[in-house]
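Notes follow the structure.
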Amino acid sequence: DDLMIKEIVSLIRRYDCEGHIYFMTVSDRVIKQVMEYAPDLKVCVGWDGNKDPMSMVDRAIALGAYKVQLFKPYFTEETVKKAHEHGILCNVFWADDPEEAKQYLEMGIDTILTNDYQLVAMQAHDFKEKI
């Protein structure tokens, strides 16, 4: 793990990508390794199978993570609110349905991962225009 992390970080630095990437993993151990080796790089906590809606946010707070990648349906609006209170951004994996994406935006989700960007982006744009 250490050698792979060092190699990845080396490539990130070589191509001047520090401001354009983040590490996302379900492994708290790997997150700690990345943060120790490259504290300037951002990390994202992934879903580890725990169905408690606050589990990922609590892990992210404890680790000092930049972001969580929430996994539906294992989060709530309170999950997003708690993350934001601690300065943590929220991805959601995933929404291809525009109505579902709209619900996530209403919850305060920062980023929606999707397989149908055009459709979801148009809905998101229309929704944001209204607020």
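Read the figures in this text as sums done on the coordinates, not as results from a lab. Bear in mind the structure is a predicted one, so any value in this text is a computation, not a measurement. Here the Cβ is made from the backbone with ideal geometry for all residues, glycine too, and neighbour counts use every protein chain on show.
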Legend entry - Where labels lie 7 Å past Cα in the beta-carbon direction, separation of F93 and Q118 in nm: 2.7
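For the chain, what relative contact order do you get, as a whole percent, if you take Cα pairs closer than 8 Å and at least 6 residues apart?
Numbers: 182 pairs, mean separation 20.3, N = 131.
Relative contact order for the chain comes out at 15 percent.
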Inset, instruction - Collect residues whose amide H, placed 1.01 Å from N in the peptide plane, falls under 5 Å from the amide H of L89; neighbours closer than 5 in sequence don't count. - result: K67, V68
Legend entry - Those chymotrypsin sites (Phe, Trp or Tyr not before Pro) in the range 4-99 that DSSP places in a loop and that have at most 10 other beta carbons within 10 Å: Y15
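Calculate, in nm to one decimal, what K72 and S27 gain on full extension: separation in residues at 0.36 nm each, minus their alpha carbon distance. Could the numbers behind the result be given before it?
Working: separation 45, 0.36 × 45 = 16.20 nm, distance 1.88 nm.
So the extension gain works out to 14.3 nm.
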Legend entry - Residues with amide H under 5 Å from that of T25, placed H, sequence gap 5 or more: C44, G46
Legend entry - For the range 47-55, 3J(HN,Hα) per residue [Karplus equation, 6.51 cos²θ - 1.76 cosθ + 1.60, θ = phi - 60°, Hz, x = Gly/Pro]: 6, 9, x, 6, 8, 5, x, 9, 4
Legend entry - From phi via Karplus (6.51, -1.76, 1.60), per-residue ³J(HN,Hα) for the range 81-89 in Hz, x at Gly/Pro: 4, 5, 4, 4, 4, 9, x, 9, 7
